[in-house]
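This report refers to the structure that appears directly beneath it.
The values are calculated or read from the model by the stated rules, or taken from the named source; none is laboratory data. Note that the coordinates shown come from a computational prediction; the quantities given were computed from them, not determined experimentally. Because the Cβ atoms are built from the backbone with ideal geometry, glycine has one as well, and the counts that use them run over all protein chains shown. Just so you know, the surface numbers come from the protein's heavy atoms only, side chains and all, with ligands and any DNA or RNA stripped out. Shrake-Rupley method; radii C 1.70, N 1.55, O 1.52, S 1.80 Å.
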Amino acid sequence: PYEVRPIADALVARGLRARGPWMAGHEAGHATLARTPHAEWIALAERELERLRAEHARVFLVGVSMGGLVSLRLAQTRAVEGLVVVGTPLSLGPLIPPLARLLRPLLPYRMKRGSDIRDPGARARHPGLDAMPLAAVTELVALQGRVVGDLERVTAPILVTHGRLDRTARPADAQRILAGVSSEDRALVYLERSGHVATVDYDGPELTRRAVDFVDRLCRE
């Protein structure tokens with residue numbers, strides 16, 4: 001929720017309701033995430049979407065990184081009025097999936113050295129996990145396969161954004177998303193000074209403005 005809070009606050013300031021749920025498995029540390037399959041990531045997001053759909057005529061999705069993948073998956077299988085994805089990884093380096101499967105029994109977690117954020121103050125404040133479970137990496141790869149195979153099923157308006165200095169997800173994946181979806185209303189924005197978690201990095205205010213303007217425009221059409 002911390003990573004999408006700036007956009008949520010700006011949406012509320014425009015008179016829109018915003019809800020930022022935890023991603024399944026992330027709320028209680030890396031050990032919980034290690035036990036959470038990607039089907040649960042999707043299932044929780046589907047429940048949140050259905051809850052909002054029951055109360056509101058139009059629902060939009062905003063997702064960062066893994067949340068972007070889940071948002072794409074929901075847009076492939078559910079009705080949404082638009083989505084914004086930030087730093088969404090469609091693939092990992094070619095050696096990462098086999099190494100993750102091989103090392104899981106011996107090294108279940110990889111310690112992290114801080115988040116991929118270029119602004120040092122924002123990086124110090126960021127409440128990220130202190131370790132990445134290799135089980136979660138293999139689940140991420142499985143979800144990527146499902147999303148990539150169905151990209152053309154995304155027809156809702158979409159704003160694709162990505163930090164140009166992202167070292168976690170390839171900036172070129174933003175181009176792949178834009179080219180793969182079937183949405184007529186689609187746009188791509190690279191954030192030139194930001195890393196992976198661009199919502200709270202140097203370009204966070206610009207990203208927030210573009211995301212809120214995008215959603216606000218769709219609401220008024």
Over all directions, the range 1-77 yields a Cα convex hull whose mean projected area in nm² is 5.3 nm²
Taking Cα atoms only, helix 134-149 is inclined relative to the longest principal axis of the chain by an angle, in degrees rounded to 10, of 40 degrees
Expressed in angstrom and ordered largest first, the alpha-carbon extents of the range 164-221 along the principal axes are 36, 27, 13
In whole percent, the fraction of accessible protein surface over the range 106-221 that belongs to carbon or sulfur atoms, probe radius 1.4 Å, stands at 51 percent
Regression test value, accessible area per residue of the chain, probe 1.4 Å, units Å², expected 49 Å²
Taking Cα atoms, the helix 204-220 axis meets the longest principal axis of the chain at an angle in degrees (rounded to 10) of 40 degrees
Largest fluctuation, R73, R17, R170 only, Gaussian network model of the chain with Cα springs under 10 angstrom, belongs to R17
Largest fluctuation, R146, R113, R176 only, Gaussian network model of the chain with Cα springs under 10 angstrom, belongs to R113
Amide H proximity to G82 below 5 Å, modelled H, separation 5+ or other chain, gives L61
If each K or R counts +1 and each D or E counts -1, the residues other than V197 whose Cβ falls under 14 Å of its Cβ total +2
Contact order relative to length for the chain, counting C-alpha pairs under 8 Å separated by 6 or more residues, stands in percent at 23 percent
